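The values are calculated or read from the model by the stated rules, or taken from the named source; none is laboratory data. Remember, it's a predicted structure, so these values are computed and weren't measured experimentally. Methodologically, a virtual Cβ is constructed for each residue, glycine included, from the backbone with ideal geometry; neighbour enumeration extends over all protein chains shown. The protein model used for the area step is the full one, side chains on, heavy atoms only, and it has no ligands, DNA or RNA in it. Shrake-Rupley method; radii C 1.70, N 1.55, O 1.52, S 1.80 Å.
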Amino acid sequence: MATPQFHPLRIRDVRPETADALTVSFDVPPALRDAFRFTQGQFVTLKTHIDGEETRRSYSICVGVTDYDRDGELRIGIKRVRGGRFSNFAIETLKPGHEIEVMTPDGRFFTHLNADHAKHYVAFSGGSGITPVLAIIKTTLDMEPTSRFTLVYGNRSVDAIMFAEELEDLKNRYMDRFSLYHVLSDDLQDVELFNGVLDQEKCKAFLSTLLSPEEIDEAFICGPGPMMDAAEAALKEAGVPPKQIHVERFGTPLPQAGAPTIEITESTPAADLELVI
Ligand SMILES: Cc1cc2nc3c(=O)[nH]c(=O)nc-3n(C[C@H](O)[C@H](O)[C@H](O)COP(=O)(O)OP(=O)(O)OC[C@H]3O[C@@H](n4cnc5c(N)ncnc54)[C@H](O)[C@@H]3O)c2cc1C
């Protein structure tokens with residue numbers, strides 16, 4: 001893998017996703033297309049000066065690999081963190097036409113795809129943890145025509161759901177291969193299983209009703225720390241082998257340009273980062 005490197009990229013588009021989240025897409029000039037080619041689930045790191053201080057934060061790419069190959073779209077999703085330096089700056093300041101330093105993609109939150117696979121992938125996601133998971137879902141369904149994907153996505157309320165429309169579109173496009181379950185803590189739904197938070201009991205309930213653990217080939221987990229711990233524990237308890245469980249923690253240290261790649265492992269500790277879902 002090439003050493004990650006910063007390049008200035010022009011912002012093509014900024015789109016509100018929810019009251020507290022937006023997506024930012026970049027124009028990747030033809031000369032940098034290869035450098036910014038990514039694997040589904042990877043992230044880029046943005047660098048800018050905020051109040052005179054250099055600030056870097058990582059954001060996962062939310063478009064599929066095939067979308068990028070088709071029209072060079074590189075898009076990230078940013079959710080506001082209460083009191084957070086970069087996320088608030090980004091939501092209030094970033095506009096189309098602005099230029100910002102973006103590091104070439106990095107990260108290991110993925111599995112290798114193959115058009116011959118006929119696998120069942122499952123993801124447990126919460127809040128902004130959907131960002132890399134969305135890229136993984138889109139790419140997998142596109143590149144593995146006989147694989148299927150189930151997403152269990154936890155949020156506070158309907159209006160806090162990031163990528164709600166895109167997820168619905170995917171459900172319609174891949175009717176037989178994509179199952180989507182929203183779990184909401186504040187908005188009541190008809191089915192009791194879909195109410196509450198994604199704690200271990202809730203994840204266990206999914207694994208004993210709507211999901212058959214023995215039919216899970218690979219699982220992806222990304223969201224707030226407690227949700228991730230709960231989903232990982234429930235999957236392991238249900239017998240899913242640890243090497244088939246992929247975890248992305250948003251609280252891990254940031255990569256430095258020129259530094260060796262950080263390997264995100266199951267035991268990588270999360271920083272004390274409160275992600276508001
Ligand atoms: C690999 C990776 C991928 C990621 N992908 C995404 C993504 O797709 N989307 C996304 O939204 N986020 C993502 N993140 C998280 C993102 O990088 C930022 O961490 C997040 O946006 C918060 O940054 P911030 O500058 O706004 O908050 P920060 O300023 O870093 O603050 C974070 C929290 O710490 C608190 N805090 C700050 N300073 C102090 C202090 N001195 N004392 C006490 N508390 C303090 C803040 O109040 C806040 O709650 C990812 C992170 C990683 C590592």
Of residues in the range 144-163 being assigned to a helix (DSSP H, G or I) and open to solvent by 80 Å² or more (accessible area, probe 1.4 Å), the one farthest from A219 (Cα to Cα): D159
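Test of understanding: among T265, T252, T261, T209, which residue is within 28 Å of A164 (Cα to Cα) and modelled with pLDDT under 95? It would help to see each step written out before you state the result.
On the way: T265 fails: within 28 Å of A164 (Cα to Cα); T261 fails: within 28 Å of A164 (Cα to Cα); T209 fails: modelled with pLDDT under 95.
Among T265, T252, T261, T209, only T252 is within 28 Å of A164 (Cα to Cα) and modelled with pLDDT under 95.
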Cβ-Cβ under 6 Å pairs, at least 6 apart or on other chains, the range 164-188 side in contact (Cβ under 8 Å) with a residue 40 or more places away in the chain, far side of a type outside the set (S, T, N, Q) and open to solvent by 40 Å² or more (accessible area, probe 1.4 Å): F178/K171
Output the number of residues of the range 121-137 satisfying the condition of being more than 17 Å from V65 (Cα to Cα), open to solvent by less than 10 Å² (accessible area, probe 1.4 Å) and not aromatic (F, W, Y). 6
Can we say G52 is more than 10 Å from the ligand (Cβ to nearest atom), at positive phi and of a type outside the set (A, V, I, L, M, F, W, C)? yes
Taking the range 28-49, which residues are open to solvent by 40 Å² or more (accessible area, probe 1.4 Å) and either in contact with a Phe, Trp or Tyr (Cβ under 7 Å, 6 or more places away or on another chain) or away from the ligand (no atom under 16 Å from the Cβ) (or both)? P29, P30, A31, R33, D34, A35, R37, T39, K47
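Being under 17 Å from A19 (Cβ atoms) and within 6 Å of the ligand (Cβ to nearest atom) is the filter here, so list the residues in the range 56-82 that pass it. Walk me through it before giving the result.
To start, the set of residues in the range 56-82 that are under 17 Å from A19 (Cβ atoms) comprises 77-82.
Within the range 56-82, G77, I78, K79, V81, R82 qualify.
One line per residue, one yes/no per condition, for (1) hydrophobic (A, V, I, L, M, F, W, C); (2) surrounded by 20 or more Cβ atoms within 10 Å (Cβ to Cβ); (3) over 27 Å from L113 (Cβ atoms):
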{"site": "E166", "(1), (2), (3)": "no, no, no"}
{"site": "M175", "(1), (2), (3)": "yes, no, no"}
{"site": "L193", "(1), (2), (3)": "yes, no, yes"}
{"site": "E232", "(1), (2), (3)": "no, yes, no"}
{"site": "A238", "(1), (2), (3)": "yes, no, no"}
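Starting from residues that are touching a Gly at 6+ places or on another chain (Cβ under 8 Å) and of a type outside the set (F, W, Y), keep the ones in the range 40-57 and report whichever is nearest to P4 (Cα to Cα).
Q42
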